[in-house]
1. For the pair residue 93 and residue 59, how long in nm is the line joining their label points, each one 7 Å along Cα→Cβ?
2. Sorted by average packing, counted as other Cβ atoms within 10 angstrom per residue and highest first, what order do 36-48, 62-74 take?
3. Does segment 59-111 come out rounded, prolate or oblate by the C-alpha gyration tensor, with a ≥ b ≥ c the root eigenvalues, rounded set by a/c under 1.5 and, if not, prolate when a/b is larger than b/c and oblate if not?
């Protein structure tokens, strides 16, 4: 029994020593230049399609379709934005609001999480 406890204490001491040895390097982690961080963030947002749901849309009469409103990129549902109008039909899963950032579903109305209505 005493040997098992000693072995456990020795193992814990080795693990703690090894962990603290790695922390003795630089006090601050290496940071990329701000421009590199911004470029990386833009790449991740573009690749992940974040703006598809979190950027309000506006209707472009020239194209005849909704397009992202880049002046409000990634801003989510406008604070005073309209809820989807209408009633769900028997085959509807949801209704989409006019800014394409709010949805009326059988369980209630939801919006993208960046801006909440008061």
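1. In this crude spin-label approximation the distance works out to 2.5 nm.
2. 62-74, 36-48
3. Oblate, since a/c reaches 1.5 and b/c is not below a/b.
Only the coordinates and a few stated rules stand behind these numbers; no lab work does. Source: prediction; values computed, not measured. Every residue, glycine as well, gets a Cβ built from its backbone with ideal geometry; the counts of neighbours run over all protein chains shown.
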